[in-house]
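Working notes, beginning with the structure itself.
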Amino acid sequence: MAENVWILGIYMTKFGKHPDKDTVDLAAEATMGALTDGGVSMKDMGILAAGNLMGAGLGIGQALQKQIGQTGIPVYNVANACATGATALRTAIMAVKAGEADYGLAVGVEKLSGAGLLAGGARTSESNVYTPSGRFGAVAPVDGRIGTETMPGVFAQIGMQYVHEHQYGEAPFELFARISEKNHSHSTLNPLAAYTKKMSVEEIMGDVMIAYPNTRPMCSANCDGAAAAVVVSDSTLKKLSGEQQRRAVKVAASVLTTDPWEEACQVLPDVNTLTRNAADQAYEAAGVGPDDLDLVELHDCFATAELVHYDNLKLCEPGAATDFFESGATWRDGRTPVNVSGGLESKGHPIAATGIANIWEVCTHLRGEAKDRQIEGARLGLAHVIGLGSACGVHILEKAA
Amino acid sequence: MTQQIPLVDYLVLGDTPHLVAHECTTCGARFFDRRNACASCFGTQFATVGVSSEGELEAFTIVSFAAPGVPVPFVAGVVDCRGTSVRANVINTAPDPEHVKLGMKVRLATYSVGTDDEGTEAVGFGFEPF
Ligand SMILES: [Zn+2]
């Protein structure tokens, strides 16, 4: 029986604009913060897993080591779209679980301020003689001619498809705007969020339209940031101080899935099935159910995505995500608070950092250290990310007994 | 008469333009791209099958911001063509939520994408309400 794994130390930088810091500076702040938080040093670490999507291929892990400590340990530079941070963490967890390391370190970092729209490639000049190329034998670029490759547009369709399938066709724009209103309201209590401004439904609906029904405040905010975590095995944790053991957070489940084949999944990405699979596996591994959760941080890369994930994570009855939201359940004073950090729409989405930052948020509540936005008595939380392509990470975290 | 070429190889031109798919002969899964194998059952035999030119709009978005060079706004969507989902733009209607509705009936329509230096016209497709 493999050992339990615990989060010993965890840290997230302020999300936002960091013009004076480079990628390694941010990764170093997060990593050193996580080590200090856990009361350990680079000397203790047996493995480093690191993610930086924009610099994938450049070896962020080794660049980081050269600033904070070269100890010769194995580095895994990972990339899994928006699930990169969760993938890095899971890599460290697997190494500890396998008994290859007593301590593992995971970091995700991104510099995205001013990156603009995350879209498919720009159209280059079109050839002078039409020649079919690529897997569709296309003679000209298809983005914009055969659907859209922009993220806001893809996730808009995913939310609209849910509304259509479940007969909530009346006012989807306003529904999604109200989900965004909730997250922007939550963000006012999070000093590390990139945007902390409360927004009314009218302001959200009246803002710049990006891809109907997603206006600008309903889209994840591009920003800079990093997050890092130190994980430790059960047996090693038992040798540490009472304070370290008290603040340690148990990784009750750590799951990564990809999208299994479904009709239409190569036409419009299916972010549902892999999330449902990951949720099922995670609840089973943790021996808990959705009703046991005190808080959830889920991947609201767009307001349209948050709705479908209420259902995918089994927070509501199948098909009842709209009713669930309308009941007020996902507000911070509701039955299952969702994205009390402000979510990606206001906290921000430095891609590779996101899958560890959401775990930092949950851990901070479980430790009772979330100050003004503390969910009182939180004992169990879930963190979810989706990287389009697709990869889904789900972690369930549990307060130390 | 002008020479024509389809925007993508799964659009068949002629008197009744229509889409075709690669259908796995083992499990029936349909794909529009060139295949190495079937993502569902791993089979390697495919047959070319016609796709219905009529369907229902099962999801859409109205894209206002896109990559450089892509004209906006436009309606991107997924059409359920009697059991085969197709990615396409909704065309020949105003790109606003008053004219584009979830579940509306649409049919295939073609349009000219442009003409190359040799006078060949590229023909694209979309779906229009009817
Ligand atoms: Zn097959």
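The values are calculated or read from the model by the stated rules, or taken from the named source; none is laboratory data. Note that this is a predicted model, so its numbers are computed, not measured. Here the Cβ positions follow ideal geometry from the backbone for every residue, glycine too, while neighbour counts run over all protein chains shown. Just so you know, the surface numbers come from the protein's heavy atoms only, side chains and all, with ligands and any DNA or RNA stripped out. Shrake-Rupley method; radii C 1.70, N 1.55, O 1.52, S 1.80 Å.
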Rounded to one decimal in nm, the spacing of the 7 Å Cα→Cβ label points at A:Q245 and B:E121 is 8.0 nm
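Given +1 on the Cβ of Lys and Arg, -1 on the Cβ of Asp and Glu, and no further charges, what dipole in debye does the protein assembly as shown carry about its Cα centre, rounded to the nearest 20? Walk me through the intermediate numbers first.
Working: 39 positive and 61 negative charges, 297 e Å.
I would put it at about 1420 debye.
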Within the stretch B:4-129, the percent of DSSP beta bridges that are antiparallel, given to the nearest 5, stands at 90 percent
Excluding residues fewer than 8 positions from A:K14 in its own chain, the aspartates and glutamates with Cα under 13 Å of it are A:D25, A:E29, A:E110, A:D224, A:E361
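Roughly how much accessible area, to the nearest 100 Å², goes out of reach of solvent when A and B pair up, both sides summed, probe 1.4 Å?
Numbers: alone 16750 and 8070 Å², together 20680 Å².
Roughly 4100 Å².
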Quick calc: nm separation of the 7 Å Cα→Cβ label points for B:N36 and A:A285 -> 2.7 nm
Scattering profile of the stretch B:4-129 from the Debye formula, Cα beads only, expressed as log10 I(q)/I(0) at q = 0.21 Å⁻¹, is -1.22
Treating every alpha carbon of the stretch A:172-215 as one equal point scatterer without solvent, the Debye formula yields log10 I(q)/I(0) values at q = 0.25 Å⁻¹ of -0.84
Across A:A28, A:A391, A:A98, the residue with the highest GNM fluctuation in chain A (Cα network, 10 Å cutoff) is A:A98
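At a Förster radius of 35 Å, what calculated FRET efficiency corresponds to the Cβ-Cβ distance of B:Q45 and B:D15, to the nearest 0.05? All intermediate terms of the calculation are to be shown ahead of the outcome.
Values: r = 30 Å, r/R0 = 0.85.
The calculated FRET efficiency here is 0.75.
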Between the Cα axis of helix A:351-366 and the main Cα principal axis of chain A, the angle (0 to 90°, nearest 10) is 60 degrees
For A:R379 and A:D20, extending 7 Å from Cα along the Cα-Cβ vector and measuring point to point gives, in nm, a value of 4.5 nm
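Just list whichever of A:K21/A:K97; A:K111/A:K198; A:K97/A:K347; A:K182/A:K371 have alpha carbons separated by over 28 Å in the model shown.
Working: A:K21/A:K97 34 Å; A:K111/A:K198 25 Å; A:K97/A:K347 31 Å; A:K182/A:K371 19 Å.
Over 28 Å Cα-Cα: A:K21/A:K97; A:K97/A:K347.
Give me the percent of DSSP beta bridges within chain A that run antiparallel, rounded to the nearest 5. Mind dumping the intermediate values first?
Numbers: 40 of 54 bridges.
Restricted to chain A, the bridges split so that about 75 percent are antiparallel.
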Once amide hydrogens are built 1.01 Å from N within the peptide plane, the residues lying 5 or more places from B:V113 or on another chain with amide H under 5 Å from its amide H are B:A122, B:V123, B:G124
Computed over the stretch B:4-129, the relative contact order (Cα-Cα under 8 Å, seq sep at least six) in percent reads 23 percent
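Between A:T258 and A:D234, what length in nm is gained on full extension when 0.36 nm per residue of separation is reduced by their alpha carbon distance?
Working: separation 24, 0.36 × 24 = 8.64 nm, distance 2.86 nm.
5.8 nm is the gain from fully extending A:T258 to A:D234.
If the viscosity is 0.692 mPa s and the temperature 37 °C, what translational diffusion coefficient in µm²/s does Stokes-Einstein give for the protein assembly as shown when Rh comes from Kirkwood over Cα pairs? Walk me through the numbers on the way to the answer.
Numbers: Rh = 24.1 Å.
Reported coefficient: 136 µm²/s.
If I compute solvent accessible area with a 1.4 Å probe over the protein chains, what percent of it on the stretch B:4-129 is carbon and sulfur? Don't jump to the answer; show the numbers that get you there.
Numbers: 2650 of 5540 Å².
Carbon-and-sulfur percentage of accessible area, whole number: 48.
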A 1.4 Å probe over the protein heavy atoms gives the stretch A:254-374 a carbon and sulfur accessible-area percentage of 44 percent
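For chain A, what is the accessible area per residue in Å² when the probe is 1.4 Å?
Working: 14610 Å² over 401 residues.
Per-residue accessible area for chain A comes out at 36 Å².
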Test assert for the stretch A:262-277: residues whose accessible surface shrinks by at least 50 Å² between chain alone and all chains, 1.4 Å probe, equal A:E263, A:Q266, A:V267
